[in-house]
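The structure appears below as structure tokens.
Values quoted throughout were computed directly from the atomic coordinates according to the rules given, and no laboratory measurement underlies them. All of these numbers come straight from a predicted model, not from anything done at the bench. As a convention, Cβ positions derive from the backbone with ideal geometry for all residues, glycine included, and neighbour counts pool all protein chains shown.
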């Protein structure tokens, strides 16, 4: 998966949440971590969930790898449904 358009959104941190404005749809979304971090990882370079996991593991202190993998999968599915990312065939 990758971000459909480089700089196709703007992230504005708002305390513990972040607002994301998606230029293509004109919609705003209020999200929590790790969504902004996932978008930063994907910005401009497609990668798979393992690569995202590896990078997020370096950012966050995680007790259970399985919990992080599940969270990444759920967040990626939601970001895809919102149109903020697209599936990349050859990653």
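Report the extension gain between residue 60 and residue 25 in nm, rounded to one decimal, defined as 0.36 nm multiplied by the number of residues separating them, less their alpha carbon distance. Answer, rounded to one decimal: 9.5 nm. The value of relative contact order for the range 9-82, using C-alpha pairs under 8 Å at least six residues apart, is 18 percent.
Considering helices alone, the calculated mean residue ellipticity of the chain at 222 nm is -12500 deg cm²/dmol, with DSSP H runs of length four and up weighted by -39500 (n - 2.57) and normalised per residue. Per the Debye calculation on the chain with a single equal scatterer at every Cα and no solvent contribution, log₁₀ I(q)/I(0) for q = 0.16, 0.17, 0.24 Å⁻¹ amounts to -0.61, -0.69, -1.34.
As a calculated quantity, the FRET efficiency between residue 50 and residue 82 at R0 = 25 Å, using C-beta atoms, amounts to about 0.65.
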